[in-house]
Amino acid sequence: MEVDDALRMMRDPLGAPFYPQVFQVLLVITWVIHIFFVTLAVGASVSTIWGFRRGGEYELRLARSTARLTPSAVGLGIVTGIAPLLFLQTIYDPIWYASNALTGFWSVIFILVVASGYTCAYVFYLKGSPEGRLLWTSVAGLVLLLLAGWIMHVLASVSIRPEQWRQWYAPDGVADTRGIQFHAANAGRVTFLLPLQGALSVAIAGLVYTWYRSKRADADREFLTWVAARARRVGIVASLLYSAAGVWWGLTEGAEMKVGIEVTVTLGALGLALAAFFALHRNPVAIGPRAIAAWFGSLAVVAVVREVIRSSALAEFGYRVADYPFRVDWGSVAMFGVTSVVGVSIIVYLVLVLYQAGLRSADQATISLRVDRFGRVATGMLGAWFGFFLLVGLYAVLVLK
Amino acid sequence: MYPTWEGLGVHSTMFVAVIAAFHVIASHLTVGAAWFNFYVERRAYRENRPELYQYLRKSAMGLLVFSYVWGAMTGVGIWQSTTAGNPRGISTLIHNFVLFWGSEWYMFLIDVVGIIVYYYTLEKVDPKTHLRLAFILALGGTGTLSLIVGILGFKLSPGKWLENGEVLSGFYNPTFWPQYFMRFALMQAITGAWAILMASRLPRDFPERRHIIRWAGIIGLVGLAAALLIGRVWYWHNIPARSKGLLSTKAFPAVTVQILVVGLVFTALGLLLAAWRPSRHTRVSAIGMFFVLFTTVFGAERTREILRKPDVVNGYISSNQLVFNGLPARGIESEEARLDETGILGHLPFVPAADEIDANAPKEFPSHEIAVGRQIAIMECSGCHSVSDQTVIHVGDTQVALRQQSALLRKISANDAASIRALIDNLGTYPFMHDFVGNDDEKDALAAYLEYMVDRQQGPPTTLPPTTIAPTGGSHGG
């Protein structure tokens, strides 16, 4: 059976419940949020280990903060990873399921690896970081997070090489059903996406942290200046390496998928632009919001580049997202639309409460009247959501034939 | 359709089952505990009982570390393990309910962001604002429950969806409403156990310790009783008749019933003790209760899974990942009907044609036919059965494997290719099996492979009389 026919046959006969391009856009957007937290966890973990190994006053203070940040970033990385995984399965089901089944053992073990890494990070934060004990738990956590990243990288790499699946699965026609081989990888890509984005995410987080903490009346400005300067320096060095790794990725996998020039130029330029951003801002304590905006913009570029590589690899076999069969299901669309409005409102409120609570010391913390009013409305919307859910249910049961 | 991942040592479906049991505990806990904490915090706020915040801090920390994040992780773990073990099964659910799952994702985000904010702002923002955070967590958790129950229920009772193909009909299916309320009630029992565990970590002389344990015991008991009542009266009534019939076959092992009954009794006793003599509960007894609950939930979830055997979605797609009943409303035809005519070898993307299979490399088989038969067993049987040495763990002389085909065949004295072939011809007469998919040559090849495996894994046959192979209630696992 030809690869083209196989890919067509493997698409789920139910199709998508809405325009497939919309799922592609949702995939890109949600991946950006996900990869930020995942790489932040990696970067924060490295920063923690570095700080405790060096042992200076400021280093330790920063390391304790990043030790606290790591498990939260892992948790948010996991929960934000659900959405891109969902949309990926909807429009790329043939390639995602094939790569997971071909790498079955690692696909299943993945979550145990992440869970163990998360647990190690929490053990260090709770039991080790106050006195700098149990540093091995933090190291183990980092190793496990990197292994999890490697597994996801292999799954993605296998998925875009459908012409090799049969040879990997059943050489001589005899199926290998163990799923233990790492069939494909690209060193440039994984270096770009994991350690270097980790370094950049933690540098950006450092800038946001210093900008935010400097608003407090009791802020230790000397320490914050020290953190911001280090974040800037890490940002400059990591951006230059990021540019080089982007070129490496473009010249290898990009070229293999026939988009070598596009990927090389885009990612090379992106790294240089980021380096310029860090270098040109000489008062890094003040640039938190600009830095996070620039970083999310950069991650969006990377997300699009990934899509370009995937689309080009699959176009070779006649597989295009735009051709994915679909049938608009208005019930699903209404449910998702309403929940999106409610969900975003509540999350904005929660973030605002956290933001305002951290601006003052514990005994002074108050939430502004505007945020409080917004919270009341958002909570009311969440309560009303259940009424909507019930009404849709009644419609489905009583009206739909 | 896809490559097969059989599992390694442990069968692929057991990976799913264990991860799923963890997920059920963690996710149910998030909902129930959020409501319980809201209740406790409301009392703390209204009755000015600041000591209760100490309990809330302990509980929130535990929930943050264990329940919310582990719930999310194991949720992804279920996807990963089903993706590897039964990709087309999960694909059916994803393509029906992607936007419902997307909606649930928002509720997850509310849960995880919410518990982080809740924990880090405890006693740092005004009590009224914090009480609102507790309420948001309770609502968000209930939102996740609302959205996942439709998908779970769909697998067992797709209802009108089988006729009209409408996603809403599949979501609000016949077991949706009873399962919704049953799970909500069950969550209170899990939460009771959790609250007892958290409160038992407070010093014995802590003034509110007894009150919290007592409240937890009462709420848990009420929840457990309500869950059992709803389950027996409402949920059971809506389960498809074919599924109910499966409970009286060997597909439903007696040990599952024993686990369920013993687990429920001990849980009830633990909660009763908490309500009646709260000071008698210790950390050890609370951990014991939690362990019992985990085992009970594992048994209950296994039962729910068995109820739709051998299908992934009752009446639509079976464990061999093929659509056996078309869905005309969506223009979908039966895949099995086509494959019965053409045969499966060479007609599915990852099933090689017979002449592509080399019997000598890299795994050696005594004959080409046996090598071909292995491919068919992998494709058609491995979704539910251990079909090779790869998914067997040896403990001394005992082989531990999930519904091991060779052991089941030995049990009914189907030791040779002829008797196995006769069995394959009549597979569909078993309530927990479908007809074989494919042509006569493929049946022969499968019979040859199974004969080889029976001999290889079970050794020479003994002279013991065979167990009956009557189709209904027979001794063949599904």
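Every residue, every condition in (1) within 19 Å of A:LEU359 (Cα to Cα); (2) of a type outside the set (D, E, K, R); (3) out of contact with any Phe, Trp or Tyr (no Cβ under 7 Å at 6 or more places or on another chain); (4) buried (at least 20 other Cβ atoms within 10 Å of the Cβ), yes or no:
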position	(1), (2), (3), (4)
A:GLY188	no, yes, no, yes
A:TYR212	yes, yes, yes, no
A:LYS215	yes, no, yes, no
A:ALA219	yes, yes, yes, no
A:GLY235	no, yes, no, yes
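Of the listed requirements (1) farther than 30 Å from A:VAL304 by Cβ; (2) within 14 Å of another protein chain (Cβ to nearest Cβ); (3) touching a Lys or Arg at 6+ places or on another chain (Cβ under 9 Å), A:HIS183 misses just one: (1).
So, in segment A:14-28, of the ones that are assigned to a helix (DSSP H, G or I) and without any contact (Cβ under 8 Å) to a residue 40 or more places away in the chain, which residue ends up surrounded by the most Cβ atoms within 10 Å (Cβ to Cβ)? Even if it seems obvious, please write down each step before you answer.
If we filter segment A:14-28 for residues that are assigned to a helix (DSSP H, G or I), which is where we start, we get A:20-28.
Among the residues that remain, those that are also without any contact (Cβ under 8 Å) to a residue 40 or more places away in the chain are: A:22, A:25.
Values: A:VAL22: 14, A:VAL25: 12.
Filtering segment A:14-28 for residues that are assigned to a helix (DSSP H, G or I) and without any contact (Cβ under 8 Å) to a residue 40 or more places away in the chain, the one surrounded by the most Cβ atoms within 10 Å (Cβ to Cβ) comes out as A:VAL22.
Scan segment A:106-156 for residues that are away from every other protein chain (no Cβ under 14 Å) and of a type in the set (Gly, Ala, Ser) and jot them down. Within segment A:106-156, A:GLY128, A:SER129, A:GLY132, A:SER138, A:ALA140, A:GLY149 meet the criteria.
When A:LEU314, A:LEU352, A:LEU299 are checked against the criterion of being over 30 Å from A:ALA156 (Cα atoms) and at pLDDT 95 or above, A:LEU352 stands alone in meeting it.
Do the conditions hold for A:ALA6, that is, is it closer than 30 Å to B:PHE350 by Cα, within 11 Å of chain B (Cβ to nearest Cβ) and either touching a His at 6+ places or on another chain (Cβ under 9 Å) or surrounded by fewer than 17 Cβ atoms within 10 Å (Cβ to Cβ) (or both)? Against the criterion (closer than 30 Å to B:PHE350 by Cα, within 11 Å of chain B (Cβ to nearest Cβ) and either touching a His at 6+ places or on another chain (Cβ under 9 Å) or surrounded by fewer than 17 Cβ atoms within 10 Å (Cβ to Cβ) (or both)), A:ALA6 does not qualify. Taken over segment A:67-126, residues that are polar (S, T, N, Q), in contact (Cβ under 8 Å) with a residue 24 or more places away in the chain and out of contact with any Gly (no Cβ under 9 Å at 6 or more places or on another chain) amount to 3.
For segment B:41-66, filtered to residues that are in contact (Cβ under 8 Å) with a residue 40 or more places away in the chain and over 16 Å from B:MET198 (Cβ atoms), the residue that is surrounded by the most Cβ atoms within 10 Å (Cβ to Cβ) is B:TYR45. Can you name the residue in segment B:286-315 that is over 14 Å from the mean Cα position of the chain (by Cα) and among the small types (Gly, Ala, Ser) and is also farthest from B:ALA274 (Cα to Cα) among such residues? Per the stated criteria, the residue is B:GLY315. When the helices (runs of 4 or more DSSP H) confined to segment A:132-245 are screened for residues that are more than 30 Å from B:GLU380 (Cα to Cα) and modelled with pLDDT of 95 or more, those reaching at least 1 such residues are found at A:135-159, A:187-191, A:197-213.
In segment B:280-298 there is at least one residue that is without any contact (Cβ under 8 Å) to a residue 40 or more places away in the chain, among the hydrophobic types (A, V, I, L, M, F, W, C) and over 21 Å from B:ALA20 (Cα atoms).
Scan segment B:142-149 and give yes if some residue there is more than 10 Å from chain A (Cβ to nearest Cβ), of a type in the set (Ser, Thr, Tyr) and either assigned to a helix (DSSP H, G or I) or over 30 Å from A:SER368 (Cα atoms) (or both), otherwise no.
The initial filter retains those residues of segment B:142-149 that are more than 10 Å from chain A (Cβ to nearest Cβ), namely B:144-145, B:148-149.
Okay, now just the ones that are also of a type in the set (Ser, Thr, Tyr), so B:144.
Subset that is either assigned to a helix (DSSP H, G or I) or over 30 Å from A:SER368 (Cα atoms) (or both): B:144.
Within segment B:142-149 (the criterion being more than 10 Å from chain A (Cβ to nearest Cβ), of a type in the set (Ser, Thr, Tyr) and either assigned to a helix (DSSP H, G or I) or over 30 Å from A:SER368 (Cα atoms) (or both)), the answer is yes, since at least one residue qualifies.
The set of residues in segment B:121-132 being at the interface with another protein chain (Cβ under 7 Å from one of its Cβ atoms) and either of a type in the set (A, V, I, L, M) or assigned to a helix (DSSP H, G or I) (or both) consists of B:VAL125, B:THR129, B:ARG132.
Quick check on segment B:339-371: of everything there that is within 24 Å of A:MET9 (Cβ to Cβ), within 9 Å of chain A (Cβ to nearest Cβ) and of a type in the set (Gly, Ala, Ser), which residue is surrounded by the most Cβ atoms within 10 Å (Cβ to Cβ)? Before you say what the answer is, go through the steps one by one.
The first filter runs over segment B:339-371 and keeps only residues within 24 Å of A:MET9 (Cβ to Cβ), leaving B:339-357.
Among the residues that remain, those that are also within 9 Å of chain A (Cβ to nearest Cβ) are: B:346-357.
From what's left, of a type in the set (Gly, Ala, Ser): B:346, B:353-354.
Values: B:GLY346: 14, B:ALA353: 15, B:ALA354: 18.
Within segment B:339-371, the match that is surrounded by the most Cβ atoms within 10 Å (Cβ to Cβ) is B:ALA354.
Exactly one residue out of A:GLY331, A:GLY337, A:GLY375, A:GLY383 is facing another protein chain (nearest Cβ under 8 Å) and under 30 Å from B:GLY331 (Cβ atoms): that is A:GLY331. For the condition more than 7 Å from chain B (Cβ to nearest Cβ) and assigned to a helix (DSSP H, G or I), A:VAL74 qualifies. Considering every residue within segment A:45-54, establish whether at least one is within 10 Å of chain B (Cβ to nearest Cβ) and small (Gly, Ala, Ser). Within segment A:45-54, none of the residues are within 10 Å of chain B (Cβ to nearest Cβ) and small (Gly, Ala, Ser). Kindly provide the set of residues from segment A:29-67 that are touching an Asp or Glu at 6+ places or on another chain (Cβ under 6 Å) and surrounded by fewer than 22 Cβ atoms within 10 Å (Cβ to Cβ), ordered by number. Once the filter is applied, which keeps residues that are touching an Asp or Glu at 6+ places or on another chain (Cβ under 6 Å) and surrounded by fewer than 22 Cβ atoms within 10 Å (Cβ to Cβ), segment A:29-67 yields nothing. In a helix (DSSP H, G or I) and β-branched (Val, Ile, Thr) - does that describe any residue in segment B:322-336? There is no residue in segment B:322-336 that is in a helix (DSSP H, G or I) and β-branched (Val, Ile, Thr). Does B:LEU93 fit the bill of being out of contact with any Gly (no Cβ under 9 Å at 6 or more places or on another chain), part of a loop (DSSP other than H, G, I, E, B) and more than 7 Å from every other protein chain (Cβ to nearest Cβ)? Here the answer is no, as B:LEU93 does not meet what is asked.
Okay, residues lined up against (1) touching a residue at least 60 places away in the same chain (Cβ under 8 Å); (2) out of contact with any helix residue (DSSP H, G or I) (no Cβ under 9 Å at 6 or more places or on another chain):
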residue	(1), (2)
B:MET379	yes, yes
B:GLY383	yes, no
B:ALA407	no, no
B:PRO431	yes, no
B:VAL437	yes, no
B:ALA445	yes, no
B:VAL454	no, no
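Anything in segment A:327-342 that is buried (at least 19 other Cβ atoms within 10 Å of the Cβ) and closer than 25 Å to A:TRP96 by Cβ? List them, or say none. Listed by number, the residues that qualify are A:ASP329, A:SER332, A:MET335, A:PHE336, A:THR339.
Scanning segment B:162-173 for residues being without any contact (Cβ under 8 Å) to a residue 40 or more places away in the chain and outside any loop (DSSP other than H, G, I, E, B) gives a total of 2. Among the numbered conditions (1) modelled with pLDDT of 95 or more; (2) over 23 Å from A:PHE386 (Cα atoms); (3) crowded, with 21+ Cβ neighbours inside 10 Å, the only one that B:PHE154 does not meet is (2).
If you check A:ARG376 against the conditions, is it outside the structural domain of A:GLN89 (by TED's automatic domain parsing), modelled with pLDDT of 95 or more, more than 30 Å from A:THR252 (Cβ to Cβ) and in contact with a Lys or Arg (Cβ under 9 Å, 6 or more places away or on another chain)? Explain how you work it out, then say what you get.
On the way: outside the structural domain of A:GLN89 (by TED's automatic domain parsing): yes; modelled with pLDDT of 95 or more: yes; more than 30 Å from A:THR252 (Cβ to Cβ): yes; in contact with a Lys or Arg (Cβ under 9 Å, 6 or more places away or on another chain): yes.
So A:ARG376 passes the test.
The numbered conditions (1) within 14 Å of another protein chain (Cβ to nearest Cβ); (2) closer than 30 Å to A:ALA334 by Cβ are all true for B:GLY32 except (1). Out of segment A:77-111, which residues are closer than 22 Å to A:PHE182 by Cα and either touching a strand residue (DSSP E or B) at 6+ places or on another chain (Cβ under 9 Å) or not in a helix (DSSP H, G or I) (or both)? Within segment A:77-111, A:TYR92, A:THR103, A:GLY104, A:PHE105, A:VAL108 qualify.
The values are calculated or read from the model by the stated rules, or taken from the named source; none is laboratory data. What you see is a predicted model; the values in this text were computed from it and never measured. Note that each Cβ is placed from the backbone with ideal geometry, even for glycine, and that neighbours are counted across all protein chains shown.
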